[in-house]
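Presented below is the structure to which this report refers.
Quick note: the coordinates plus some simple rules give every number you see, no bench work behind them. Only a predicted model underlies this, so the values are computations on that prediction, with no experimental measurement involved. Cβ atoms come from the backbone with ideal geometry, glycine included; neighbour counts cover every protein chain shown.
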Ligand SMILES: O=c1nc[nH]c2c1ncn2[C@H]1C[C@H](O)[C@@H](COP(=O)(O)OP(=O)(O)OP(=O)(O)O)O1
Ligand SMILES: [Mg+2]
């Protein structure tokens, strides 16, 4: 498989930046935005299904092998919500609205009950109809803060407390986040699987 060029099946600039940094120079990630502005509907019931659906769609549109990242935040107190619906938690109003809704849902919930996991599933398809997508997952355990803190990253990072560093995920430098995040763990497995390390 020639993997010098992959299309990233994502319209999220934060993901592109993180994944490209993790992959290094040997693989060039091209954004699906170069080919189409239309985002596929994420109709799957799992991260795996949505990652495969996005990867196939991008491979079909671009004619290139495609990598997709389906990720989200699973909050214990909310029974794993917003989960696969994380990006749409506040009905598509964006990160700030999602974060405000999450803080509201956890209002007055004590620290011990604020556990959460970031989840990332990476799916790589060699072509649109690939019968054997490569799937790798990563989890990152933490806790939901009572208020936003930090300016790095994207999405729920300002609300995600990282116990091993005693800071929010948005207070980590990009390089630090890329060492320990759910996405880093999934990418580590993918690089092993592809023989890139
Ligand atoms: O490291 C992260 N730090 C903070 N928040 C994160 C992270 N990783 C995922 N998230 C949140 C963002 C979004 O609310 C949802 C992903 O949703 P997800 O559908 O996979 O991505 P998306 O719609 O932003 O872009 P796309 O589908 O085009 O790849 O989880
Ligand atoms: Mg999405």
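Across segment 3-13, the qualifying residues are those that are more than 8 Å from ligand 1 (Cβ to nearest atom) and not in a strand (DSSP E or B), and the one among them that is nearest to residue 34 (Cα to Cα) is 13. When segment 14-24 is limited to residues that are in a helix (DSSP H, G or I) and free of Cβ contacts under 8 Å to residues at least 60 places away in the same chain, the one that is nearest to ligand 1 (Cβ to nearest atom) turns out to be 16. Could you tell me whether segment 44-58 includes any residue that is more than 14 Å from ligand 2 (Cβ to nearest atom), under 18 Å from the mean Cα position of the chain (by Cα) and in a loop (DSSP other than H, G, I, E, B)? The answer is yes, given that some residue of segment 44-58 is more than 14 Å from ligand 2 (Cβ to nearest atom), under 18 Å from the mean Cα position of the chain (by Cα) and in a loop (DSSP other than H, G, I, E, B). Of the numbered criteria (1) buried (at least 18 other Cβ atoms within 10 Å of the Cβ); (2) within 12 Å of ligand 1 (Cβ to nearest atom), the one residue 37 fails is (1).
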